[in-house]
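Undergrad: One structure, pasted below without further comment.
The values are calculated or read from the model by the stated rules, or taken from the named source; none is laboratory data. Just so we're clear, the structure is a prediction, and the values are computed from it rather than from any experiment. Here the Cβ positions follow ideal geometry from the backbone for every residue, glycine too, while neighbour counts run over all protein chains shown. Only protein heavy atoms, including side chains, enter the accessible area calculation; ligands, DNA and RNA are left aside. Shrake-Rupley method; radii C 1.70, N 1.55, O 1.52, S 1.80 Å.
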Amino acid sequence: MTPLAEIIAARIARTGPITIADYMAECLMHPTHGYYATRDPFGAAGDFITAPEISQMFGELIGLSLAQAWLDQGSPTPFTLAELGPGRGTLMADVLRATKAVPGFHAAAKVHLVETSATLKALQAKALPLAHWHDSVTTLPDAPLFLIANEFFDALPIRQFIRDGDGWRERMVGLEDDRLTLGLSAPAPLALLEHRLADTGDGDLVEICPALPAMVQQIASRIATHGGAALIIDYGDWTSLGDTLQALRGHDHVDPLTTPGAADLTAHVDFAEIARHAPPARHTRVTPQGVFLERLGITDRAQALARSLQGEGLAAHIAAHRRLTHPDEMGTLFKVIGLYPATATPPPGLDP
Ligand code: SAH
């Protein structure tokens, strides 16, 4: 057992089975044994690799999309340039480099990062010395907000429910012979899932992310009041259906219950839930990441960068372009949703 498994088992022995969301929160954010709280999980030596770590082109193109949205809204000054869960700070650093030549953008931008992990805050401070940090979106300034979140919402704890008649049974983490196991609560009707009675049947599993509604409302209300735009990028689909909880360790899938705190735990993002909680800001339907990046000109940018590369560097660059955009890689699994004021032009790259 990992040290965290013993802590969680003791908690269950004391107070009974816990929700998957409580389990995920312990695994990811426990102050001394949590996955994000204790390490830098990114890159080849870590457990997974994210788009900004694959290629600088990802952050550059997102930066240009946000900068165009800022210009289209009349260059509001000053404004908040925010990122949720910035990891190593690579994406924001690429955004800032790519937007240097946009007149007035840097002078007007105040960089705000929302991050809970002290280890990752320290890494981000090296890449982004001038940023301001927040533990939650609630303290972001009341100002025009241009925001990015890449692979942030998939790290938020989820609860899982299985339809049973007009009620739901919740999947819970319990104990059997001193080992963590999954069980089901008794069925009960649930106001939270009222809206899913129409599109699910007996035995269907749906996931909800309890932290998502308030976070999206905080972002969307700033955008609706002061202007701005948010680009939220993650793996997932329009509506949650089926078990998407997964644990990754050393780039391999592992059982989510066996190594708490030592593996990354994620779930697919339900983009319909983001849209549902975003009004009064407007949103588009989701755009596949590959289509989004192609529309923003990733092929031209890739060719320009390729001119100064050769040999292994060139091969890695070509592979990175493919990895970000190809339907068999991240191109279709990852989606983008944009939030922006009802009267504004959408940030470029999104489906109309
Ligand atoms: N966006 C980065 C990192 C993604 S990993 C990239 O694309 O490489 C998820 C990030 O979200 C980590 O930085 C993690 O510490 C942070 N995070 C997870 N849950 C959070 C929460 N509730 N509040 C703030 N940050 C959180």
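Undergrad: Which net charge results for the neighbourhood of L64, defined as the other residues with beta-carbon distances under 12 angstrom from its beta-carbon, given Lys and Arg at +1 and Asp and Glu at -1? It would help to have the intermediate numbers written out before the result.
TA: Details: positive: R97, K100, R295, R301; negative: E60, D94, D300.
So the surrounding residues net to +1.
Undergrad: Keeping every protein chain present and rolling a 1.4 Å probe, give me the accessible area per residue for region 231-352 in Å².
TA: On the way: 5580 Å² over 122 residues.
Per-residue accessible area for region 231-352 comes out at 46 Å².
Undergrad: Calculate the dipole size of region 6-51 relative to its Cα centre from +1 charges on Lys and Arg beta carbons and -1 charges on Asp and Glu beta carbons; express the result in debye to the nearest 20. Mind dumping the intermediate values first?
TA: On the way: 3 positive and 5 negative charges, 25 e Å.
Here region 6-51 has a charge dipole of around 120 debye.
Undergrad: Sorted by packing (mean other beta-carbon atoms within 10 Å per residue), highest first, where do 191-197, 206-212, 82-88 land? Please report the intermediate quantities before stating the final value.
TA: Working: 191-197: 12.6, 206-212: 18.9, 82-88: 25.1.
Listed from highest to lowest mean packing, they are 82-88, 206-212, 191-197.
Undergrad: Also: How many lysine pairs are close in the chain, with Cα atoms under 21 Å apart and the two 8 or more places apart or on different chains? Display every interim value, and only then the final one.
TA: Values: K100/K110; K100/K126; K110/K121; K110/K126.
Number of lysine pairs found: 4.
Undergrad: Go through T116, Q303, F79 and say which Cα lies farthest out towards the positive end of the charge dipole of the chain; charges sit on Cβ, +1 for Lys and Arg, -1 for Asp and Glu.
TA: Checking the options against the dipole of the chain, the answer is F79.
Undergrad: Using a 1.4 Å probe, what is the accessible area per residue for region 1-134, in Å²? Numbers along the way, then the final one.
TA: Working: 5240 Å² over 134 residues.
Roughly 39 Å² per residue, with all protein chains present.
Undergrad: While we're here: What net charge do the residues around L123 carry, taking every other residue with its C-beta under 11 Å from that of L123, with Lys and Arg at +1 and Asp and Glu at -1?
TA: Working: positive: R39, R88, K121, K126; negative: D40, E115.
So the surrounding residues net to +2.
Undergrad: What does the net charge come to around G242 if you take all other residues with beta carbon closer than 9 Å to its beta carbon, with K and R at +1 and D and E at -1? Walk me through the numbers on the way to the answer.
TA: Working: positive: none; negative: D204, E207, D243.
Computed value for this residue: -3.
Undergrad: Need one number: % antiparallel among DSSP beta bridges in the chain, to the nearest 5. Please list the in-between numbers first.
TA: On the way: 33 of 56 bridges.
Within the chain, antiparallel bridges account for around 60 percent of the total.
Undergrad: Let me ask another. Just report the Cα centroid separation between region 324-349 and region 178-234, whole Å.
TA: 21 Å
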